[in-house]
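The values are calculated or read from the model by the stated rules, or taken from the named source; none is laboratory data. Bear in mind that the values here come from a model prediction, so they are computed numbers and not experimental data. So basically every Cβ, Gly included, is an ideal-geometry build from the backbone, and we count neighbours across all protein chains shown.
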Amino acid sequence: MSQRRCFLMMFVGAGLVAMCASGASASIIIETVPVGNPGNPGDTRYPAGGVPSFGGVGYTFNIGKYEVTAGQYTSFLNAVAATDTYALYNTDMGNIINYGANIQRTGTSGSYTYSVGNGSPTDVAAWANRPVTWVSWGDAARFANWMHNGQPTGTQNLATTEDGAYFVNGATWFDLAAVPRKANATWVLPTEDEWYKAAYHKNDGVTGNYWDYPMGSSAFPNNGNPGGDTGNSANFYSGGYAIGSPYYRTNVGFYSLSDSPYGTFDQGGNVWEWNETVVPLLSNRGVRGGVFANGSNDLRASVRSSGGPPFEYGGVGFRLSKVPEPTTIALLALASLGTRRGRRRRCSRGPDWPAGR
């Protein structure tokens, strides 16, 4: 049985940071793009799990232009995981045979340090800007907390990883499914609606118009192999990998002609991405977008998948959103409501989750 087949049978630019070979932590920049058209209707074409529509969002927010990279996650580890209390590092992150991101850990507990690649400048450059993998939903939420808290350095506690956008406070198993977004959250994991809107909405005003693929198209996509990005391209398996061993994942933003209408990259293919929404089955958290080892179908708006929040696999990563504070959201909602009323008066799916709805 081929490695890819085993893989499929597992569980049913700007703003990027090049890490130095020493593994020292560094401040990172998450580049975002605005997602406007607040109050747009959701997409009703593909209801699933008792949810009638996806993608309707009543406020303007920002979402990560790219997936969180190995270099960015390494900086996070160096800031808070000298003693890795809540297992933010999985040894498979360093195992490229298991589709790891080549993040290496050295030292002993209390003095762990982390680096990307084997330490040579060229190897660091080759790995740092590919998406991080082997991250659980809990790891991603703790990364969001760290960003919310201003990227502090210290042990994994309420000031660094355990509070912020989410009050996780030591949660490491399925209790993570009960953790809500806090009212004052800034950096967060996108809700499923936020993620879906950024990927599929046509960005043509306050409409219910959506594409099928997150490259601004409903036409069958290509994986750019051979020849690279031709438009409507993404990293998925199509008779072969778009990029083979040892990387499998492209640098984020590699398909520069294939961004979404809002300007995000790689919401289709490369790696599945965690979202914030709880899917009732087994108290899972949502994942969307497909992965480099699966076919193009998983990139479609119709495919909704999920995974247990503690689970980690070699084809799963995440991106962040940045949302306005609740008072701002309330004011935007009131303004939007007033505008709509005025208009009426004038104009009487580790790495593979099974595709499924």
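Do you know which of the residues in region 29-39 that are under 12 Å from residue 261 (Cβ atoms) and assigned to a loop (DSSP other than H, G, I, E, B) is farthest from the chain's Cα centre (by Cα)? It comes out as 37. Residue 205 passes every criterion in (1) part of a loop (DSSP other than H, G, I, E, B); (2) within 24 Å of residue 284 (Cα to Cα) apart from (2).
Between 198, 242, 219, the distinction of being aliphatic (A, V, I, L, M), surrounded by 17 or more Cβ atoms within 10 Å (Cβ to Cβ) and in a loop (DSSP other than H, G, I, E, B) belongs to 242 only. Could you tell me whether residue 288 is among the charged types (D, E, K, R) and within 15 Å of the chain's Cα centre (by Cα)? Criteria met by residue 288. Inspect region 259-279 for any residue being of a type in the set (Val, Ile, Thr), at pLDDT 95 or above, within 16 Å of the chain's Cα centre (by Cα) and assigned to a strand (DSSP E or B) and give the result as yes or no. Within region 259-279 (the criterion being of a type in the set (Val, Ile, Thr), at pLDDT 95 or above, within 16 Å of the chain's Cα centre (by Cα) and assigned to a strand (DSSP E or B)), the answer is yes, since at least one residue qualifies. Within region 108-123, restricting attention to residues that are among the β-branched types (Val, Ile, Thr) and modelled with pLDDT of 95 or more, the residue that is farthest from residue 251 (Cα to Cα) is 108. Scan region 144-156 and give yes if some residue there is in a helix (DSSP H, G or I) and under 12 Å from the mean Cα position of the chain (by Cα), otherwise no. Yes, there is a match, as at least one residue in region 144-156 is in a helix (DSSP H, G or I) and under 12 Å from the mean Cα position of the chain (by Cα).
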